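Student: What follows is a single structure, and I will ask about it in a moment.
Just so you know, all these numbers are worked out from the coordinates, no wet-lab data involved. Given the structure is predicted, the values throughout are model-derived calculations rather than measurements. Here Cβ is always computed from backbone atoms with ideal geometry, including for glycine, and neighbour counts include all displayed protein chains.
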Ligand SMILES: NC(=O)c1ccc[n+]([C@@H]2O[C@H](COP(=O)([O-])OP(=O)(O)OC[C@H]3O[C@@H](n4cnc5c(N)ncnc54)[C@H](OP(=O)(O)O)[C@@H]3O)[C@@H](O)[C@H]2O)c1
């Protein structure tokens, strides 16, 4: 039931102004400035600004463009590597020691691109740079960062969603990168959670960069995998759990391969540069109630919902927050309170563009991309199971449907 509760609450949302951005930008700019002055980057930068395109690799064929992907072993990162290889890029996939990767090595054989796998520590900038250069990687054109905290815990969020992601970009810039792509999330529009604030901090720093390097910040809605947590329960004749009346929130889910394709477009499509890019999948938005209905229809099981009052989550958060208040230095307790807030957030906040004037989520204003539908995805998962759809980030392990 815990799994169903989480699955019920797990979905996706968009930007509020986050205070204190300007101060942070200064540190980033200072670093960049120092990087340019002290390295071959300065020469490279001069070439970039004098070239026809405002990004350094513009006009070069894909096989001459080197793209570093961090978070290459994640749910989206793996598909990004695969898509880049299909498009013919020179891919440098960074994975940490012991990561159960690289699934993309096989992909290289059937693609026109080339793949270099580098084991490195993204949490340590110097060590990451050393790992790359010691493997002969002396030049990067584009950095795509798909890193994310796997737990959503407080310290891990700041360590990965902010610091390690920034390290990726810093090291890429040291190696000459002229375009940065960040996989963020639409839910940063309303930042109530640590991982969202960490992502926003990095987003703000990227937006504060000078016009070279260029950047694209991708803010997707919910991933298909995030909506699949109750498939097995419904398949087995169980109920579909929703919060409130099942219409508290809504999302326009996107498949991993459509999102990967959108991310890769950000490299070659100049109209996606210097932009915050909220993005959803094709078709309409779904409330949890409608997701349940779709599943009942596909499985042929009788329609049965369990409607859980959202106040239960508020009570749990209140309790955990009070305990956390007594133990400010206990990371485990702080994380437990954060996990409850993550669950509450996804149970009630839509993963759609947020209209800053009305404060309402707007499905029509949320752009659509791709061809994969939620219906086809549910059909596949009902038939074939969740292979390749393992839940990763921001999901406490004890609540995963695969645990
Ligand atoms: N789920 C959704 O519905 C949704 C919706 C919108 C946006 N998003 C955002 O999309 C992004 C990517 O999500 P995802 O599902 O692809 O993430 P994921 O599957 O959890 O992958 C996370 C990646 O980060 C790496 N990583 C995590 N901690 C690390 C560490 N300490 N050291 C080195 N590498 C580390 C992982 O490496 P290992 O494989 O070695 O662990 C993995 O490659 C996240 O920022 C998320 O917020 C998610």
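Student: With 10 angstrom as the radius, rank 144, 67, 308 by how many other C-beta atoms surround their C-beta, starting from the fewest. Could the numbers behind the result be given before it?
Tutor: Values: 144 32, 67 28, 308 19.
The order, fewest Cβ neighbours first, is 308, 67, 144.
Student: Moving on. So how far apart, in nm, are the two label points at residue 99 and residue 211 if each is 7 Å from Cα heading toward Cβ?
Tutor: Inter-label distance under the simple model: 3.4 nm.
Student: Report the gain in length on full extension from residue 304 to residue 387: 0.36 nm times residue separation, minus Cα-Cα distance, nm rounded to one decimal. Please report the intermediate quantities before stating the final value.
Tutor: Values: separation 83, 0.36 × 83 = 29.88 nm, distance 2.59 nm.
Value of the extension gain: 27.3 nm.
Student: Within the stretch 346-390, list the residues whose amide N lies under 16 Å from a label point set 7 Å along Cα→Cβ of residue 275.
Tutor: 353, 365-370
Student: For a footprinting-style exposure proxy, rank 383, 351, 313, 68 by other Cβ within 10 Å, fewest first. Could the numbers behind the result be given before it?
Tutor: Numbers: 383 9, 351 31, 313 20, 68 27.
With the sparsest Cβ surroundings first, the list reads 383, 313, 68, 351.
Student: For 190, 199, what's the fewest-to-most ordering of other Cβ within 10 Å of each Cβ?
Tutor: Details: 190 18, 199 27.
By the 10 Å Cβ count, ascending: 190, 199.
Student: To continue, here is another question. Can you tell me how much longer the chain between residue 127 and residue 290 gets when fully stretched, taken as 0.36 nm per residue apart minus their C-alpha distance, in nm with one decimal?
Tutor: On the way: separation 163, 0.36 × 163 = 58.68 nm, distance 4.76 nm.
So the extension gain works out to 53.9 nm.
Student: Pop the C-beta distance of residue 375 and residue 134 into the FRET formula with R0 = 51 Å and round what comes out to the nearest 0.05. Mind showing how you got there, number by number?
Tutor: Working: r = 48 Å, r/R0 = 0.94.
After rounding to 0.05, the efficiency reads 0.60.
Student: Rounded to the nearest Å, what's the spacing between the alpha carbon centres of the stretch 147-206 and the stretch 327-382? Just the number, please.
Tutor: Their Cα centres are 17 Å away from one another.
Student: Next question. What does a probe at residue 112 reach in the stretch 168-199, counting residues whose amide N is under 16 Å from the point 7 Å along Cα→Cβ?
Tutor: none
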